[in-house]
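The values are calculated or read from the model by the stated rules, or taken from the named source; none is laboratory data. Values in this document were obtained by computation on a predicted structure and should not be read as measured data. A quick note on method: Cβ atoms are made from the backbone with ideal geometry, for glycine too, and the neighbour counts reach across all protein chains shown. Just so you know, the surface numbers come from the protein's heavy atoms only, side chains and all, with ligands and any DNA or RNA stripped out. Shrake-Rupley method; radii C 1.70, N 1.55, O 1.52, S 1.80 Å.
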Amino acid sequence: MDRTPTFAGDPEGVLRAVFGYTGFRPLQREVIERVAGGGDAFVLMPTGGGKSLCYQIPALLRAGTAVVVSPLISLMKDQVDALRANGVAAERYDSSLEAGAARRVLARLHAGELDLLYVSPERLMTETFLERLRPLDVALFAIDEAHCVSQWGHDFRPEYVALGRLRPLFPGVPVLALTATADETTRADVRERLGLAGAPLFAAGFDRPNIRYTVVEKSRPAEQLLTFLRSRSGDSGIVYCLTRRRTEEVAARLVAEGIAAAAYHAGLPPERRTEVQDAFLRDELQVVVATVAFGMGIDKPDVRFVVHHDMPKSLEGYYQESGRAGRDGMPAEALLLFGLQDVVMARRLVETGSDREQVRIELHKLGAMVAFAESQGCRRRALLGYFGEALERDCGNCDVCLEPPERYDGTEDAQKLLSCVYRVGQRFGARHVADVLRGADVARIRELGHDRLSTYGIGKDRSADGWMAIARQLVHLGFLRQDIANYSVLELAPAAWEVLRGERRVELAVWRPRRRADGGKRPRLTADGRAVDEALFGQLRALRKRLADEQGVPAYVVFSDATLAAMAALRPQTREELRRVSGVGDTKLVRYGEAFLAVLVRA
Ligand code: ADP
Ligand code: ZN
């Protein structure tokens with residue numbers, strides 16, 4: 001039995017030699033040191049935070065084989081491919097292996113040849129497999145996507161429950177659980193169920209600074225989407241829709257316009273879903289138009305944009321889906337097409353629920369989603385604030401920060417609107433209040449006698465939409481309360497009286513619906529902000545595709561976009577220079593160095 005670690009030396013040495021990276025991301029080093037030293041850990045990092053290295057490096061530093069549990073076969077396959085490309089001895093053991101291959105994997109395991117073994121939870125937790133492991137040197141257990149163990153979470157997998165036995169069964173072996181789950185209840189439950197209640201928590205913040213958030217008012221979404229995609233040809237992305245039918249309509253329309261797109265949803269036959277997923281990984285499809293069924297099985301790090309064609313039902317969902325963009329840390333876009341019609345539809349859907357408590361919770365979540373979309377302040381602050389993380393200042397990388405709305409003294413407008421809310425008895429929604437202010441001549445207003453109120457017709461200078469936008473701002477600023485569980489009736493908050501009494505001024509944003517979805521394409525930059533030569537980048541990409549196809553692996557397994565961008569910016573001319581590019585480790589230098597240098601030297 002091999003008792004010596006494959007790679008002697010410090011975590012930094014492994015990071016550089018094997019993965020070719022120059023520095024750790026936040027918390028990686030802390031987790032690696034803890035686990036390499038034999039301790040358990042619970043790791044909470046956003047998507048793209050770099051969770052994999054947290055167990056891959058300790059796996060190489062410790063003696064024996066690291067056992068990694070992952071929920072999806074496709075994820076295991078990609079991870080194993082990526083590790084092998086870096087020269088690491090990795091295998092997977094799951095139900096998709098044919099008998100001969102499975103035997104070979106087990107033989108390598110018993111011979112102590114493997115640094116990492118990826119196993120599906122149902123395979124791992126059989127008595128026979130556990131018996132196999134007992135006499136072997138297990139370096140550590142890593143439980144990826146650990147939230148799958150909790151019924152509170154969004155991805156509960158019954159086969160994960162048995163993993164709770166690992167901790168007591170292997171007392172000397174460190175157990176490490178990793179997740180990107182934002183929600184507190186789920187996290188506590190996961191720790192409990194995995195027997196890791198006492199393990200230290202390593203929690204990185206939820207911010208994804210490389211993602212630019214943009215919200216535009218939805219009008220003619222098909223054209224808005226096309227404009228956006230045309231300015232991003234060559235980049236991979238996902239378009240999320242709320243219904244299966246819509247994914248197919250949108251995909252068909254994109255295909256008709258010459259864009260390599262396909263629909264993906266749970267109603268498609270499994271073979272078709274695999275086909276779409278593979279084509280996307282291989283960069284043969286530029287865009288996948290999908291329901292939320294698409295995503296978890298996708299570890300593609302170079303997704304450059306995520307578009308929400310329809311508004312998701314919660315900010316948790318929005319954060320998770322938009323978070324699939326830019327895992328490689330390169331600039332990425334999250335675009336939300338926001339239409340009030342979607343809000344009405346979503347609300348109707350939620351309200352059909354029979355469990356009143358559940359309906360109340362879901363309406364609250366929907367309300368938070370709408371508030372984000374309508375925010376007149378920094379989007380990132382709104383988003384992180386929802387997850388309880390305060391950002392010190394505006395982010396500078398969202399539509400509101402980049403094109404701040406003009407502000408004006410809106411005290412008088414606020415007074416008009418607030419007093420109108422009061423006059424109609426705090427029993428009506430924004431639409432009705434806007435109609436009264438505008439002096440609308442409609443039967444309902446006359447029937448209610450609201451045409452005789454002192455506020456009737458005092459706001460003819462603005463459109464109804466304009467008044468509704470002011471009402472929403474007053475909600476966000478805390479002057480009005482909107483009871484979303486009760487027909488969105490507007491009520492005055494205590495602070496409203498200070499405004500009505502003239503004791504407090506109110507600053508409002510000039511209402512200006514944004515319709516342009518392209519947002520201006522940004523020049524391609526490296527992770528550290530250098531300009532990238534697009535033509536050279538394209539050539540490197542073509543070479544990468546050819547090599548990946550020859551080896552039957554996804555393109556990013558050869559090199560990530562981040563690495564290609566750095567090559568195109570730095571233009572290394574020798575092996576030594578190429579070796580200094582982030583993402584070029586010892587093995588890849590040997591394997592791909594010549595081919596890439598040939599392109600770089602010619603450029
Ligand atoms: P997660 O599982 O947390 O979503 P991954 O482990 O897949 O994230 O890492 C996301 C991307 O970032 C991968 O392409 C990975 O190679 C890269 N990465 C991780 N750590 C580093 C680092 N220290 N330096 C540079 N790139 C890194
Ligand atoms: Zn911002």
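Got at least one residue in segment 124-145 being of a type in the set (Ser, Thr, Tyr) and surrounded by 16 or more Cβ atoms within 10 Å (Cβ to Cβ)?
Checked against the condition, which is being of a type in the set (Ser, Thr, Tyr) and surrounded by 16 or more Cβ atoms within 10 Å (Cβ to Cβ), segment 124-145 yields no hits at all.
I'd like the full set of residues that are of a type in the set (Lys, Arg) and at pLDDT 95 or above, limited to segment 437-457.
Within segment 437-457, just Arg438 meets the criteria.
Can you pull out every residue in segment 346-369 that is farther than 22 Å from Phe228 by Cβ and surrounded by 15 or more Cβ atoms within 10 Å (Cβ to Cβ)?
Selection gives Ala346, Arg347, Val350, Val359, Glu362, Leu363, Lys365, Leu366, Gly367, Ala368.
Within the bounds of segment 64-82, is there any residue that is surrounded by 16 or more Cβ atoms within 10 Å (Cβ to Cβ), charged (D, E, K, R) and either over 26 Å from the mean Cα position of the chain (by Cα) or assigned by TED's automatic domain parsing to the domain that holds Lys588 (or both)?
Checked segment 64-82: no residue is surrounded by 16 or more Cβ atoms within 10 Å (Cβ to Cβ), charged (D, E, K, R) and either over 26 Å from the mean Cα position of the chain (by Cα) or assigned by TED's automatic domain parsing to the domain that holds Lys588 (or both).
Just the residues that are open to solvent by 20 Å² or more (accessible area, probe 1.4 Å), among the small types (Gly, Ala, Ser) and more than 7 Å from ligand 1 (Cβ to nearest atom), please, taken from segment 44-63.
Within segment 44-63, Ala63 is the sole residue that qualifies.
Check whether at least one residue in segment 22-32 is surrounded by 24 or more Cβ atoms within 10 Å (Cβ to Cβ), near ligand 1 (Cβ under 10 Å from one of its atoms), modelled with pLDDT of 95 or more and within 27 Å of Asp528 (Cβ to Cβ), and report yes or no.
Looking through segment 22-32, at least one residue is surrounded by 24 or more Cβ atoms within 10 Å (Cβ to Cβ), near ligand 1 (Cβ under 10 Å from one of its atoms), modelled with pLDDT of 95 or more and within 27 Å of Asp528 (Cβ to Cβ).
Do the conditions hold for Gln341, that is, is it under 30 Å from Ser233 (Cβ atoms) and either modelled with pLDDT under 85 or open to solvent by 60 Å² or more (accessible area, probe 1.4 Å) (or both)?
Taking the combined requirement at face value, the residue satisfies it.
Inspect segment 382-395 for any residue being within 16 Å of ligand 2 (Cβ to nearest atom), buried (at least 22 other Cβ atoms within 10 Å of the Cβ) and touching a residue at least 60 places away in the same chain (Cβ under 8 Å) and give the result as yes or no.
Yes, segment 382-395 contains a residue that is within 16 Å of ligand 2 (Cβ to nearest atom), buried (at least 22 other Cβ atoms within 10 Å of the Cβ) and touching a residue at least 60 places away in the same chain (Cβ under 8 Å).
Pairs only if they're at least six apart or on different chains, beta carbon under 7 angstrom, first in segment 256-279 and farther than 15 Å from Gly295 by Cα, second among the aliphatic types (A, V, I, L, M) and open to solvent by 50 Å² or more (accessible area, probe 1.4 Å); list them, first residue then second.
Ala261/Val255
Going by what's in this entry, would Leu525 be described as open to solvent by less than 70 Å² (accessible area, probe 1.4 Å) and either among the acidic types (Asp, Glu) or within 27 Å of the chain's Cα centre (by Cα) (or both)?
When the stated conditions are applied, Leu525 passes them.
Inspect segment 245-258 for any residue being out of contact with any Lys or Arg (no Cβ under 9 Å at 6 or more places or on another chain), more than 23 Å from Arg541 (Cβ to Cβ) and part of a loop (DSSP other than H, G, I, E, B) and give the result as yes or no.
There is no residue in segment 245-258 that is out of contact with any Lys or Arg (no Cβ under 9 Å at 6 or more places or on another chain), more than 23 Å from Arg541 (Cβ to Cβ) and part of a loop (DSSP other than H, G, I, E, B).
Run down Arg167, Arg208, Arg191 and say which single residue is charged (D, E, K, R), over 26 Å from the mean Cα position of the chain (by Cα) and crowded, with 17+ Cβ neighbours inside 10 Å.
Arg167
Do any residues in segment 352-375 that are farther than 17 Å from Ala334 by Cβ have Cβ atoms under 6 Å from those of residues that are of a type in the set (Lys, Arg) and open to solvent by 60 Å² or more (accessible area, probe 1.4 Å), where the two are at least six apart or on different chains, and which pairs are they?
Qualifying pairs under 6 Å: Leu366/Lys313.
Can you list the helices (runs of 4 or more DSSP H) lying wholly within segment 122-233 that have 2 or more residues being under 24 Å from Asp302 (Cα atoms)?
Counting at least 2 such residues, we get 221-230.
Mind checking which residues of segment 284-337 are charged (D, E, K, R), within 13 Å of ligand 1 (Cβ to nearest atom) and closer than 21 Å to Asp183 by Cβ?
Passing the criteria: Arg324, Arg327.
Could you check segment 345-411 for helices (runs of 4 or more DSSP H) lying wholly inside it with 1 or more residues that are more than 18 Å from Tyr319 (Cα to Cα)?
Result: 356-374, 399-402.
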